[in-house]
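Reading through the structure tokens given below for one structure.
Where a number appears in this text, it was derived from the coordinates with a stated rule and is not lab data. For clarity, every value in this text was computed on a predicted model and none was experimentally measured. Here the Cβ is made from the backbone with ideal geometry for all residues, glycine too, and neighbour counts use every protein chain on show.
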Amino acid sequence: MHEDNKGKKISGEGMALIKKFEGCKLSAYLCSADVWTIGYGTTYQILEGDKCTQEDADAFLARDLRKFEKAVIKNIDVPLEQNQFDALVSFTYNLGPRNLKESTLRKRINENNFADVPYQIRRWNRAAGEVLDGLVRRRSAEVLLWQGHDWTVV
């Protein structure tokens, strides 16, 4: 953990990226990884047949974001700009803290090898071994956000 990242929170821009790519469904569904999901990609204690309100979905997102913000703070040892932090929270929200912790992406960031970050982010474009267009687009948006560019063009 780097002191400059301590207490960082995702910005509205980062949250907008997550919301765009997760979408919001008020009834439980099986995601591409065969996990029961609801709201903006919440998987914690979700069962087939579950339903939620929009307010529930927003509360689940807020709760989940705290977990993924903490994972980024814990695993990154160099200072991050807000856009870089947001991109990593989105990445971690989608893939989980363990994947961030064990990734070459994390290693490159902690080595201050920011030039390799776009390549490392884009590598994570598969679910169940298959390249998915939605993940290709999401990773491209995360790269643009990481670089401080307009990610909404994706």
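Taking the number of other C-beta atoms within 10 Å as the exposure measure, put Trp124, Trp146 in order starting with the fewest.
Trp124, Trp146
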Problem - Three-way shape call for segment 77-154 based on the alpha-carbon gyration tensor, with the a/c threshold at 1.5 - result: oblate
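Say R0 is 22 Å: what FRET efficiency, to the nearest 0.05, do Asn99 and Lys70 get from their beta-carbon distance?
0.90
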Problem - Among the listed pairs Lys51/Lys101; Lys25/Lys67; Lys9/Lys51; Lys51/Lys74, those beyond 26 Å (Cα-Cα) - result: Lys51/Lys101; Lys9/Lys51; Lys51/Lys74
Completion exercise
Fewest-first ordering of Met1, Met15 by Cβ atoms within 10 Å yields Met1, Met15
Problem - Inter-label distance for Arg137 and Asp56, nm, one decimal - labels placed 7 Å from Cα along Cα-to-Cβ - result: 2.7
Problem - Phi to ³J(HN,Hα) by Karplus 6.51 cos²θ - 1.76 cosθ + 1.60 over segment 6-20, Hz, x for Gly, Pro - result: 4, x, 5, 10, 5, 8, x, 5, x, 5, 4, 5, 4, 4, 4
Problem - Separation of alpha-carbon centers, segment 89-123 and segment 2-25, rounded to whole Å - result: 15
Fill in the blank from the handout: The answer for Ala127, listing residues at least 5 apart or on another chain whose modeled amide H is closer than 5 Å to its amide H, is Leu132
Practice task
Find how much the distance from Tyr44 to Arg122 grows on full extension, using 0.36 nm per residue of separation minus their present alpha carbon separation; answer in nm with one decimal.
Solution key: 25.5 nm
Practice task
Before anything else, pin down the relative contact order of the chain: Cα pairs under 8 Å, at least 6 apart, normalised by residue count, whole percent.
Solution key: 23
Completion exercise
Among (i) 25, 17, 14; (ii) 21, 19, 15; (iii) 38, 16, 11, the value of semi-axes √(5λ) of the Cα gyration tensor in Å computed for this structure carries the label (i)
Completion exercise
Sorted by chain and number, the residues with a modelled amide H under 5 Å from that of Asp50, at a separation of 5 or more or across chains, are Ala28
Fill in the blank from the handout: Going residue by residue through segment 72-81, the Karplus relation 6.51 cos²θ - 1.76 cosθ + 1.60 with θ = phi - 60° gives ³J(HN,Hα) values, rounded to whole Hz and with x marking Gly or Pro, of 5, 4, 5, 9, 10, 9, 10, x, 10, 6
Practice task
Give the long-range amide H neighbours of Gly41: residues separated by 5 or more places, or on another chain, with amide H under 5 Å away, using H modelled in the peptide plane at 1.01 Å from N.
Solution key: Lys25
Handout entry: Fewest-first sequence of Glu102, Glu142, Glu13 by Cβ atoms within 10 Å of each Cβ
Key = Glu102, Glu13, Glu142
Completion exercise
Extend 7 Å from the Cα of Glu81 along its Cα-to-C-beta direction; within segment 124-154, residues with backbone N under 14 Å of that point are 143-151
Practice task
On a C-alpha basis, how far is the centre of segment 139-154 from the centre of segment 41-77 in Å? Whole number, if you could?
Solution key: 22
Completion exercise
Scalar couplings 3J(HN,Hα) for segment 34-43 by Karplus 6.51 cos²θ - 1.76 cosθ + 1.60 (θ = phi - 60°), nearest whole Hz, x for Gly and Pro, are 6, 10, 5, 9, 8, x, 8, x, 6, 10
